[in-house]
Amino acid sequence: MTNATTTPATDAIEQFAASVRAHLADLPAEDADELVEGLAADLAEQAADAGDGFTLPDPAQYAAELRTAAGLAAAGALAPQPKKPGLITRAKAWARRQDERVRATTLGAWTMDLLASLEPAWWVFRGWIAYVVLGWVMGTGTPMPRNLAGWLILVALVVVSAEWGRGQWVPNAAMRQARRIANVGAVLAVPVVLVGLLAGAFTRVEYVPMYNSALADDDIVEDGLYLDGQRIENIFAYGADGQPIDQVRLYDQDGNPLSTVGAIASDDDWTWDHDAWDPMPGSVVLVPFVSPGVAPAWNVFPLWTADVDPTEHDDLTIDQGDVAILPPTLPFAGIPALPVTADDEAADDADAAAGDEAAADADVADGGDAESDEIADETSTSPEE
Amino acid sequence: MDTTQLLKGVLDAAVLAVVEQADGYGYDIVRRLRDAGLGEVGDASVYGTLRRLYSAGALSSYVVPSDGGPHRKYYAITAEGRRALDEQRTSWASFADAMGSLLDTPTPALHAIGAKK
């Protein structure tokens, strides 16, 4: 604090104003400047009014008063925050309020009483949770004991849990603290233990061999025909001469009709396979080969297309009489002819080439025929109908 | 009772009322508040309040050059400030009524504060 003389002690006032400004340095410069703007002039006038009795106040207090009145954030030390009650205190208060609220109704009170009477069950359960967690920590864990020692440990834990629940065996504050920690830990461990055990159960089921070699790696078996994970929708065969072949009938190694649509191939309807092919604008609806008196054949390639917009058919079923059936768009109008090696082998080569072109050399998983045993099962001959 | 505590709640209304009577600059307003009987009003509180009311749009300001001295920033009340002041007049009146009837009984010492309004 500085004593001003009768004449306005301009220097002291300027110094004071600068000091106040320094105490506001944490504010945005604009706010601080505006707060001390004209301060020196105001103080000089005040000093002139007060005459001899004028003293400059403490700049820190003055700055604090300025910023409080201006509603600007206080610097730490000058404006102690009201101390908030601790988390535990607040949680307890909240729990008490909820309890009162629930007990306000008859049903609520009955439920709470029922839950309270079930508390011993929680004590036992808590002991078992402790046993499972302990087992996991020790690396020997099984959900239930498998030998006498295990049973003794489980019983001991349940007894401790129950005694703690009844308010026994907690002689001092340290034990009460231990009980509190154990309780919170048990509550937190419940979902972990349950999920862990369920996952364990599922894991065992998962490892039961359900598929043989060809499909063992795949968790999900999808309908239809796939090439490197991409759905094959249609197959185009070209002869040895490089020209497209109109109607090729394909079978797998077991003699099952090879279809790109999977299980629905056995349906008589022209069902749009919605699960496998999201109808997108521009995608095509494939239809099977039909002829009077014969079931629709899905293994006659290439499949033709129905002239409909699949996005407009919510029921995924198309009335056969209503739509025009068009030949599919060929990927190639024609391909280079194979070099001819021997006359009598030309026809066989053409078949093999057509097969290669489409799917036979790739990872082919036909969901409709998931039981296929060995890919190398070459012995089965292609059945002809 | 410490009047500075009482002042805190009503300083906005007091400052707005003073500025409504006539525009004024910082220390001018402090002086008029003190002359009106609020002797204990802190000048820093008033300056801070002026700044806050200005930020809130209750006051406008303009600079007036003074001969031989520094320029002075004058504050004037705005329409919004008038509205705020009217509201505070109403709430103060009912508050003062309530406190008046509460305190307007035996104890003379307390009665003195009630009389101060």
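The values are calculated or read from the model by the stated rules, or taken from the named source; none is laboratory data. Every value quoted in this text rests on a predicted model; they were computed, and no experiment measured them. Every residue, glycine among them, receives a Cβ derived from its backbone with ideal geometry; neighbour counts consider all protein chains shown. Areas reflect the complete protein model, heavy atoms only, side chains present, ligands, DNA and RNA absent. Shrake-Rupley method; radii C 1.70, N 1.55, O 1.52, S 1.80 Å.
A few points about this structure:
- Residue check for B:VAL10: without any contact (Cβ under 8 Å) to a residue 24 or more places away in the chain, more than 8 Å from chain A (Cβ to nearest Cβ), in a helix (DSSP H, G or I) and of a type in the set (Val, Ile, Thr): no
- Residues of segment A:109-124 classified as surrounded by fewer than 15 Cβ atoms within 10 Å (Cβ to Cβ) and under 22 Å from A:VAL187 (Cβ atoms), total: 11
- Failed item, numbered, when A:ASN147 is tested on (1) open to solvent by 80 Å² or more (accessible area, probe 1.4 Å); (2) touching a helix residue (DSSP H, G or I) at 6+ places or on another chain (Cβ under 9 Å): (2)
- The test for being under 26 Å from B:TYR62 (Cα atoms), at pLDDT 85 or above and open to solvent by 60 Å² or more (accessible area, probe 1.4 Å) holds for A:GLU14.
- Pairing residues of segment A:143-166 that are under 22 Å from A:LEU194 (Cα atoms) with residues that are part of a helix (DSSP H, G or I) and open to solvent by 60 Å² or more (accessible area, probe 1.4 Å), at Cβ distances under 6 Å and at least 6 apart in sequence or on separate chains, gives A:PRO145/A:TRP151; A:VAL158/A:VAL124.
- A single member of A:VAL132, A:VAL155 is open to solvent by less than 30 Å² (accessible area, probe 1.4 Å) and assigned by TED's automatic domain parsing to the domain that holds A:VAL190, and it is A:VAL132.
- For segment B:1-35, a residue qualifies if it is under 24 Å from B:GLY69 (Cα atoms), among the hydroxyl-bearing types (Ser, Thr, Tyr) and open to solvent by 20 Å² or more (accessible area, probe 1.4 Å), and exactly one does: B:TYR25.
- Test result for B:ALA84, modelled with pLDDT of 85 or more, within 13 Å of the chain's Cα centre (by Cα), within 13 Å of chain A (Cβ to nearest Cβ) and over 20 Å from A:VAL36 (Cβ atoms): no
- Residue list for segment A:27-68, restricted to those being outside any helix (DSSP H, G or I), in contact with a Gly (Cβ under 9 Å, 6 or more places away or on another chain) and in contact (Cβ under 8 Å) with a residue 24 or more places away in the chain: A:PRO57
- Neighbours by Cβ (under 6 Å, 6+ apart or cross-chain): first from segment B:30-56, facing chain A (nearest Cβ under 7 Å) and closer than 21 Å to A:ASP31 by Cα; second of a type in the set (Gly, Ala, Ser) and open to solvent by less than 50 Å² (accessible area, probe 1.4 Å): B:SER45/A:ALA69; B:TYR47/B:GLY26; B:GLY48/A:ALA69; B:GLY48/A:ALA70; B:THR49/A:ALA69; B:ARG51/A:ALA70; B:ARG52/A:ALA70
- Answer residue from segment B:57-74, given it is assigned to a loop (DSSP other than H, G, I, E, B) and more than 14 Å from B:VAL15 (Cβ to Cβ) and is nearest to the other protein chains (Cβ to nearest Cβ) among those: B:PRO70
- When segment B:36-70 is filtered for residues that are open to solvent by less than 70 Å² (accessible area, probe 1.4 Å) and over 19 Å from A:ALA32 (Cα atoms), the ones remaining, listed by number, are B:GLY37, B:LEU38, B:GLY39, B:VAL41, B:ALA58, B:VAL64, B:SER66, B:GLY69.
- Of all positions in segment A:40-47, none carries a residue that is more than 57 Å from the chain's Cα centre (by Cα) and on the phi > 0 side of the Ramachandran plot.
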